[in-house]
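A short write-up of the structure that comes next.
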Amino acid sequence: MNREEFNNLLKKANLTKKEFCGLLSISYPSVNNWGSSKDVPYWVKSWLENYIKAKSYEDVKNKVFEIEGK
């Protein structure tokens with residue numbers, strides 16, 4: 001994954017790089033170098049895709065509970 005794809009997935013996940021770093025306990029300078037001086041690690045794409053899916057499922061669940069009055 002290149003830097004542009006990484007940034008696009010972060011945007012789709014509604015995360016900043018700092019928020020991403022906080023969730024994973026990774027240093028910001030390391031993440032900021034991904035795609036320029038370092039490759040984006042192979043696991044990042046699947047992690048972000050799963051995060052996006054989990055958030056969407058959470059949103060649907062919350063909407064159902066809201067409709068049902070729970």
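The values are calculated or read from the model by the stated rules, or taken from the named source; none is laboratory data. From a predicted model like this one, the values you see are computed outputs, not experimental measurements. When we count neighbours, we look across all protein chains shown, and the Cβ atoms used for this are built from the backbone with ideal geometry, even at glycine.
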State the number of residues belonging to the stretch 32-70 that are of a type in the set (A, V, I, L, M), modelled with pLDDT of 95 or more and closer than 13 Å to ASN7 by Cα.
-> 2
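Tell me which residues, restricted to the stretch 38-63, are within 9 Å of the chain's Cα centre (by Cα) and exposed (fewer than 13 other Cβ atoms within 10 Å of the Cβ). It would help to see each step written out before you state the result.
Taking the stretch 38-63 and keeping what is within 9 Å of the chain's Cα centre (by Cα), we get 44-45, 47-52.
Result: ASN50, single match.
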Extreme residue, nearest to TYR57 (Cα to Cα), among residues of the stretch 17-37 that are of a type outside the set (A, V, I, L, M, F, W, C) and surrounded by 12 or more Cβ atoms within 10 Å (Cβ to Cβ) = GLU19
